[in-house]
Amino acid sequence: MSDLLRLATAGSVDDGKSTLVGRLLYDTKSVLADQIDAVTRASVDKGLATPDLSLLVDGLRAEREQGITIDVAYRYFATPQRSFVLADTPGHVQYTRNTVSGASTAQLVILLVDARKGVIEQTRRHAAVLALLGVPKLVLAVNKIDLVDDAATVFAEISAEFNQLTSTLGWASEDVQEIPVSALNGDNIATRSANTPYYDGPSLIEHLESVPVDADSSGAHALGLRFPVQYVIRPRTAEYPDYRGYAGQIAAGSVAPGDEIVVLPSGIRSTVERVDTPDGELAVAQTGRSVTLILADNVDISRGDIIASVADAPEPIDAFDATVCWLGDRPLRPGARLLLKHGTRTTQAIVGALLERFDEQRLIADPNPESLELNDIGRISVRVAEPVAADDYRVNRHTGSFLLIDPAGGNTLAAGLVGDVLSAVEVGTGV
């Protein structure tokens, strides 16, 4: 869908993310009149002269009480030019895991900084995480620009520092847009503001409407078929006594009747006989479409297998290096026994060596760390009990990512990227 943009917000706490998201919803007329009335009444009760638009998105009671965002919330809004799905993520450092989750499928991320504080530690941490996740486009929203003296100089200095950082992290200059904004007053959100005469670029919404992004920015269309099997359908009814279909969502490529496929990790080959959907058969199905595949042969396939095109099927691997963002409260040490979830397959895993710890503040890779602490980014070696058919993350974001899970409690402990994605960063430059 070329008119759909998936985006996320990121930034430190109190930099105005919720107000910005509320302003986006308000200026695109994506909230109901009674919601505005409720926010207006709540704002009056707080002694505010204007509606606190952050109340439109801080829906959880705990968030309202603390004045922070603690979960990923998905918002939907649209303009005549484009529709948007926005992942609103929290800013506290202990919730970096939520930023990873929200940004993992984003085509663009709005990274906020407070104009009074500039690029801070959390900004650099978020930029590094977004770079490793392969987020294609970035907007730096320099918020609260109305609260600084000599705003032109402040904006220029923050933009220059951020440009140096993003360049080192691998973004091309045309993929990064800096915009001075005041989410509270609406400056440069829907329309260009007369209060920032030093800025001649687009407003935020103008940029979101026009920024070119691929419908699939994960590289999925460049690959052959990747189809993780979620469910084997066997009704065994009088109407469908012999029906055997393999349901799932196409993670990469396309599929059509007559295509030769291979089932991974078993390596069994067959041919696609039919592509079913609830609305009938398809002549071809593309990335992102949920379908049921009927094969010409009655082969052994179960949940967790991957059906791939014969031409470029990934080689199942049981040991590999990966880059992880550690999200557990307890540190990761060599020898940890965890669960690894790749697509629809979950298998036991052992963490081998800790190869590097990435210092996202200095852009330095420290070799052979003793442990990875909460929110650390590092490169590790992993061995799994059952082979996984994974692509390198730089080739495909969907089939190149995985989770490490606590086998005792089921909590997610790490977001993992297959391969050495740190190589995209000019490690050692120390900006």
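The values are calculated or read from the model by the stated rules, or taken from the named source; none is laboratory data. All values reported here derive from a predicted model rather than from experimental measurement. No Cβ is skipped: glycine too gets one built from the backbone with ideal geometry, and neighbour counts run over all protein chains shown. Surface accessibility is based on the protein's heavy atoms, side chains included, excluding ligands, DNA and RNA. Shrake-Rupley method; radii C 1.70, N 1.55, O 1.52, S 1.80 Å.
Brief remarks follow.
- Point-charge dipole on Cβ atoms (K/R +1, D/E -1) for the chain, about Cα centre, debye to 20: 800
- In this structure, the amide hydrogen of GLU386, modeled 1.01 Å from its nitrogen in the peptide plane, lies closer than 5 angstrom to those of GLN348, counting only residues at least 5 positions away or on a different chain.
- Volume per residue for the range 298-377 equals 130 cubic angstrom (convex hull of Cα atoms).
- Top of ALA49, ALA247, ALA128 by mean-square fluctuation, Gaussian network on the chain, Cα under 10 Å: ALA49
- Over 19 Å [Cα-Cα, the range 255-413], rounded percent: 60
- Charge-dipole axis of the range 121-218 as Lys and Arg at +1 and Asp and Glu at -1 on Cβ define it, positive-most pick from ILE158, LEU133, LEU147: LEU133
- On Cα atoms only, tilt of 121-133 relative to the major axis of the chain in degrees: 30
- Debye, to nearest 20: dipole size of the range 1-47, +1 on Lys, Arg Cβ, -1 on Asp, Glu Cβ: 40
- The chain - mean residue ellipticity at 222 nm from DSSP helices (-39,500 (n - 2.57) per run, n ≥ 4, rounded to 500): -5500 deg cm²/dmol
- Backbone geometry of the range 306-316 corresponds, through the Karplus equation with coefficients 6.51, -1.76 and 1.60 at θ = phi - 60°, to 3J(HN,Hα) couplings of 10, 8, 10, 5, 5, 5, 9, 4, x, 7, x Hz, x marking Gly and Pro.
- Karplus-based coupling profile of the range 205-212, in residue order and whole Hz: 5, 4, 5, 5, 6, 10, 4, x, with θ = phi - 60° in 6.51 cos²θ - 1.76 cosθ + 1.60 and x standing for Gly or Pro.
- Cross-link reach list, aspartates and glutamates versus LYS46, counting only Cα pairs under 13 Å and skipping chain neighbours closer than eight places: GLU65
- For the chain, built as a Gaussian network whose Cα springs stay under 10 Å, the top-fluctuating residue of ASN163, ASN298, ASN396: ASN298
- Under 5 Å from the amide H of THR271 lie the amide H atoms of ILE261, ALA296, ASP297, each residue being 5 or more positions distant or on a separate chain, with H modelled from the backbone and absent for Pro and chain starts.
- Amide N proximity, the range 385-420 versus ALA353 label position 7 Å along Cα-to-Cβ, cut-off under 19 Å: 417-420
- Amide proton proximity set for LEU5, modelled H, under 5 Å, gap of 5+: SER83, PHE84, VAL85
- Per residue accessible area of the chain, 1.4 Å probe, in Å²: 44
- Nearest-ten-degree value, helix 17-27 long axis tilted from longest Cα axis of the chain: 90
- The charge dipole of the range 204-358, taken about its Cα centre with unit charges on the Cβ atoms of Lys, Arg (+1), Asp and Glu (-1) only, comes to about 820 debye.
- Taking a straight Cα-Cα cut-off under 29 Å and skipping sequence neighbours fewer than 8 places away in the same chain, the lysines within cross-link reach of LYS137 are LYS17, LYS29, LYS117, LYS341.
- Projected onto its three principal axes, the C-alpha set of the range 77-198 covers 36, 35, 29 Å, listed from the longest axis down.
- Backbone phi angles across the range 401-416, fed through the Karplus curve with coefficients 6.51, -1.76 and 1.60 (θ = phi - 60°), yield HN-Hα couplings of 10, 7, 10, 9, 10, 5, x, 7, x, x, 6, 6, 10, 7, 9, x Hz in residue order; Gly and Pro are listed as x.
- Accessible-area composition of the chain, carbon plus sulfur, in percent [1.4 Å probe]: 48
- When every Cα-Cα distance of the chain is counted in 10 angstrom steps from zero, the calculated P(r) takes the values 4, 20, 27, 24, 16, 7, 1, 0 percent.
- Against the chain, whose longest principal axis comes from its Cα atoms, helix 151-168 is set at around 20 degrees.
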